[in-house]
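Heads up: the structure comes next, in structure tokens.
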Amino acid sequence: MRRQKRRLVLLAVATVCSVLAAAAVTAPATAATSAATVRSATSSSLFGAGPYRSPTSEAAKAATALATNDRAGAAAADTIARYPVATWLGEWTQGTTLDRTLDQAVAGAEQSGTTPVFVTYAIPDRDCGGYSAGGFDETTYDAWIDRIAARLSGHRAAVVVEPDSLAMLSNAACDETLDAQRYRILSRTVAGFTAAGVPSYLDGGNSNWVPPTVMAARLEQAGVRNARGFSTNVANYYPTSQEQAYAQKVSAATGGSHYVIDTSRNGQGWRGTWCNGPGAGLGTTPRVVSDGSALDALLWVKTPGASDGTCNGGPAAGRWYSSFAQTLVAKAQLGVPVPATAPRGALESATGTGGGVALRGWAVDEDDPSQPVTVRVTVDGTVAATVAASDDRPDVDRSTGAGAAHGFAGTVPTAAGVRRVCVTAVNVGAGSDTSLGCVSVRAYSHDPAVALERATVAPAGIAVTGWAFDGDAVSDAVTTAITVDGRTVRSFTADQARPDVDRTWGAGARHGFAGVVPSSPGKHTVCAVARNTGAGSDVRSTPCRAVTVPVAAPVGHRDRVASSSAGTVSVRGWAFDRDDVGRALPVRVSVDGRTAGTLTANASRADVDRVHAAGPRHGFTGSVSARRGQHRVCLTAVGVGRGGDTALGCTAVSVR
């Protein structure tokens, strides 16, 4: 369900509340701060002693104004004024007013060792022309952001960037042109704050507005990986545990981005409307959080007591609503929120292997982090295995603080084929189970898979092409034997590029083989046999291929015929006979029609082997005697079978 929209206080709201403490880099910024530095800092290092409380907050002003004629209202405002609230910046804070607002909050925070939290709320086409329409044009906005970043550089501070700006893109009033502009502006904004050493939090909507995967995609386009993270529940009422469960999903989908939750009015949960929700109560007071999750802080981002607008008896947006403030105080839940108790974790990989699917991931339940979480695996809807998440994972301990013994890895047996695999972390204690995700994976049998796609006649025998892999070791190249009439004649390593095989089988792109095998004339049956790895047995290709190899004369070439010394003729070339490529052919040399000598084609010629795959020793080189004068020198490769001899040609030579 799309979240019921809330309207924000358009006054120059509250002082630095939240514990977003931008102290990521508190030293004067002489060089741009990297996103890695801002994102890797701990929440306590960013926020110091916590969020800053301004003595001149909207609540403090209301307490003074109501002291004479509304003592109950003044008391409620005074209670709210005891806690830090974020300071909102918009069209009402420009130029020297902006500088003064920033400087006063920063100076007050530095005196107390706390962190001011600011909210920017002036993006072009704010609210997509809706209830809170307004904002600067793009050029003015960029300059305004630059001024804020420059003013905060070198100081401890944090910024919640443009609440609703990304979640609002679900609204039909936000067209594609506005979307593109918004992503561009927000990316530039957070990059500028990060370079200034100021942690910033993009809009993350809330748990009842945009699905986590959609919000994560929008955050990525808005440059969240160049920011500290995102904020949720701003000016809304959803319970903290619900928001944290939602935010953890968004965090996991955005590279572990950190987040803050607005608890200013969520003490009683959702009130049926975003606008001055009847019966709402103050939520958990602002504080820094170090619970091992990606949550940095609980903040009062919205100014509690400021009206959302003329609804449910309220005055204009931003004006103090005394009776609403009194209800917020009366129904306040200011203590530590009940933590989410469902397990959390991740399915990090699911890959097909011989006899099943190999899984890897982690799971932890903070109800009892000393106990391993049971992970349930279903295949095509049927429970196939349960495993304890107890493997050593120090990285999980570093990110959650729950200990290292929370990993799981193993192979779930299943029949070969494409399978739907789902993994669930089973809850410990209160709470409910947590789905770690579902994936479609191709499982393989233990026996290798092999195909002989082609077997055709070639000059040196039979050319074969195919592929093979073994599901027990898909990253390894399988040895593939080629048989002719049941006899192994040559073996190949199936490691050639075959992206088409990977697209079909998902086993990797280098499982092809191709080459030439020797063969005698006649009709033959050619098969490929994949040699098994691990469990299983060798597999012969189905189908094999029938090939008829005709009787052939030798193949060869005369490379050089010349007279380099008196009374001699030197020759060089190569020759082989497909009828028996293992035999070195005689090469007859004739001068003017008379045999002058015979050479043997058994010299090394790796180049010939690369082209024809007939073997590396089919070259010939030598010389014959000849009288001085002009002669016609001819070469003949003498065949070994019924195909006869092959004339390699004649050359006119002048002998000295």
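The values are calculated or read from the model by the stated rules, or taken from the named source; none is laboratory data. All figures in this text were calculated on a predicted structure; none of them were measured in a lab. Using ideal geometry, Cβ is built from the backbone for each residue, glycine included, and neighbour counts are taken over all protein chains shown.
Taking the stretch 181-228 as the range and being polar (S, T, N, Q) and not in a helix (DSSP H, G or I) as the test, the residues that pass are Ser200, Asn206, Ser207, Asn208.
Residues that are more than 33 Å from the chain's Cα centre (by Cα), modelled with pLDDT of 85 or more and hydrophobic (A, V, I, L, M, F, W, C) within the stretch 318-359 comprise Trp320, Phe324, Ala325, Leu328, Val329, Ala330, Ala332, Leu334, listed in sequence order. Against the numbered list (1) farther than 21 Å from Ser43 by Cα; (2) of a type in the set (Val, Ile, Thr); (3) modelled with pLDDT of 95 or more, Val210 comes up short only at (3). Looking only at the stretch 229-251, residues that are assigned to a helix (DSSP H, G or I) and buried (at least 24 other Cβ atoms within 10 Å of the Cβ) come to 7 in all. Anything in the stretch 482-508 that is within 24 Å of Lys523 (Cα to Cα) and buried (at least 18 other Cβ atoms within 10 Å of the Cβ)? List them, or say none. Across the stretch 482-508, the qualifying residues are Ile482, Thr483, Val484, Phe492.
Residues checked against (1) farther than 30 Å from Gln104 by Cα; (2) over 27 Å from the mean Cα position of the chain (by Cα):
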site	(1), (2)
Trp144	no, yes
Ala149	no, yes
Arg156	no, yes
Leu169	yes, no
Gln181	yes, no
Leu186	no, no
Ser200	no, no
Gly204	no, no
Pro211	yes, no
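Just one of the listed residues (Ala460, Ala468, Ala481) is assigned by TED's automatic domain parsing to the domain that holds Gly534 and modelled with pLDDT of 95 or more, namely Ala481. Which members of the stretch 573-588 meet the condition of being buried (at least 23 other Cβ atoms within 10 Å of the Cβ), of a type outside the set (Gly, Ala, Ser) and more than 17 Å from Pro518 (Cβ to Cβ)? Hit for the stretch 573-588 is Val587, nothing else. Given Thr87, Thr42, Thr101, which one is of a type in the set (Val, Ile, Thr), closer than 19 Å to His155 by Cα and in contact with a helix residue (DSSP H, G or I) (Cβ under 6 Å, 6 or more places away or on another chain)? Among Thr87, Thr42, Thr101, only Thr87 is of a type in the set (Val, Ile, Thr), closer than 19 Å to His155 by Cα and in contact with a helix residue (DSSP H, G or I) (Cβ under 6 Å, 6 or more places away or on another chain).
For the stretch 293-313, filtering for residues that are buried (at least 24 other Cβ atoms within 10 Å of the Cβ), of a type in the set (Gly, Ala, Ser) and within 29 Å of the chain's Cα centre (by Cα) leaves 1.
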